[in-house]
1. Among (1) more than 27 Å from residue 49 (Cα to Cα); (2) of a type outside the set (Ser, Thr, Tyr); (3) surrounded by 16 or more Cβ atoms within 10 Å (Cβ to Cβ), where does residue 168 come up short?
2. Just checking, how many residues over segment 126-160 are farther than 20 Å from residue 174 by Cα, over 15 Å from the mean Cα position of the chain (by Cα) and touching a residue at least 12 places away in the same chain (Cβ under 8 Å)?
3. Residues in segment 163-180: is at least one at pLDDT 90 or above, among the β-branched types (Val, Ile, Thr) and either closer than 20 Å to residue 81 by Cβ or out of contact with any His (no Cβ under 7 Å at 6 or more places or on another chain) (or both)?
4. Tell me, please, whether a residue that is out of contact with any Gly (no Cβ under 6 Å at 6 or more places or on another chain), among the small types (Gly, Ala, Ser), at positive phi and modelled with pLDDT under 90 can be found in segment 241-256.
5. In segment 226-251, how many residues are closer than 22 Å to residue 144 by Cβ and charged (D, E, K, R)?
6. Just to be sure before I move on: is residue 84 out of contact with any strand residue (DSSP E or B) (no Cβ under 7 Å at 6 or more places or on another chain), closer than 15 Å to residue 14 by Cβ and free of Cβ contacts under 8 Å to residues at least 40 places away in the same chain in the structure I sent?
7. Here is a check on your reading of the model: is residue 121 within 22 Å of residue 67 (Cβ to Cβ) and over 15 Å from the mean Cα position of the chain (by Cα)?
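The values are calculated or read from the model by the stated rules, or taken from the named source; none is laboratory data. On a predicted model such as this, the values are computed, not experimentally measured, just so you know. For neighbour counting, all protein chains shown are included, and Cβ atoms are generated from backbone atoms with ideal geometry for every residue, glycine included.
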Amino acid sequence: MSAVVVAEQESRDLWVGGRGPLLVFAFSVLLSAMTYLAATNRAMNFLEQREAVNLTVQVSLTVGVLLTLLVSADAISGERERGTLEALLLTPVSRRGIVGGKLVAALTLWLACLVVTVPYLWVLGRGVAVAGQAALLTLIVGTLVAVGLGGLGLLISALTSSNKTSLASSLLLLLVLFAPTQLPALPKTGIGEALVRVNPIGSSLHYVSQVLVNRRSWTYDLSYLLSPALLAVVVCGVLIATSPRIVKLTAGVSSE
């Protein structure tokens, strides 16, 4: 039994069990409402179309990552509470394989949200030929953020003593990261720019906006992707290094 088998089993539980389709349906309802409001604005000009596409990408990225984070936050602590983790630990698969499989399964939810988003981007961006670029940006940047925060969700899930604590902590983490993006624009230099750059969500949304709305080249503000990339690498490294000690029947880090 390998990480691939764990990923297949976890994905089957997520999608056949009904959680995945329900979450994606709610996500599609949200995007449908946004697209309808944007598409029926007859006064929309080229710049406003780009802003509408950018808004759709940002909502897709934020909500898709939120759903991925919730699934990963339930991955270990939820199994502990449901009494199914012991059976998984008795299978011939390493702790790293369990963590890797669960992370891949959680990321399938993000990819499903991306697939749902593409038609909406086409509807909003066909007049300015930006739909393809927006879809590719969403895939690259969104996946980078989803890997990092999904991995953090798994760490929180393994280290917390209850599923409610894991879910609440993960939601609080996302709120802390997302809230600054909704505040008035921070200064472009000094502390303001530093706060944007160190926030993986804020820096990702800034990068997307620069490409889609301000028509910057993909390499112009590429340094803003350093934060989400670093988060993904560090979190995956920590999971690989610590999974033998944190994936167990009780929360915390063992001394093994």
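1. Result: residue 168 fails condition (3) only.
2. 7
3. For segment 163-180, residues at pLDDT 90 or above, among the β-branched types (Val, Ile, Thr) and either closer than 20 Å to residue 81 by Cβ or out of contact with any His (no Cβ under 7 Å at 6 or more places or on another chain) (or both): present.
4. Initial filter on segment 241-256 (out of contact with any Gly (no Cβ under 6 Å at 6 or more places or on another chain)): 241-256.
Within this subset, residues satisfying the condition of being among the small types (Gly, Ala, Ser) are 241, 243, 251-252, 254-255.
Now narrow it down to the ones that are at positive phi: 252.
Within this subset, residues satisfying the condition of being modelled with pLDDT under 90 are 252.
Checking segment 241-256: at least one residue is out of contact with any Gly (no Cβ under 6 Å at 6 or more places or on another chain), among the small types (Gly, Ala, Ser), at positive phi and modelled with pLDDT under 90.
5. 0
6. Details: out of contact with any strand residue (DSSP E or B) (no Cβ under 7 Å at 6 or more places or on another chain): yes; closer than 15 Å to residue 14 by Cβ: yes; free of Cβ contacts under 8 Å to residues at least 40 places away in the same chain: yes.
Spelling it out, residue 84 is indeed out of contact with any strand residue (DSSP E or B) (no Cβ under 7 Å at 6 or more places or on another chain), closer than 15 Å to residue 14 by Cβ and free of Cβ contacts under 8 Å to residues at least 40 places away in the same chain.
7. Yes: the conditions hold for residue 121.
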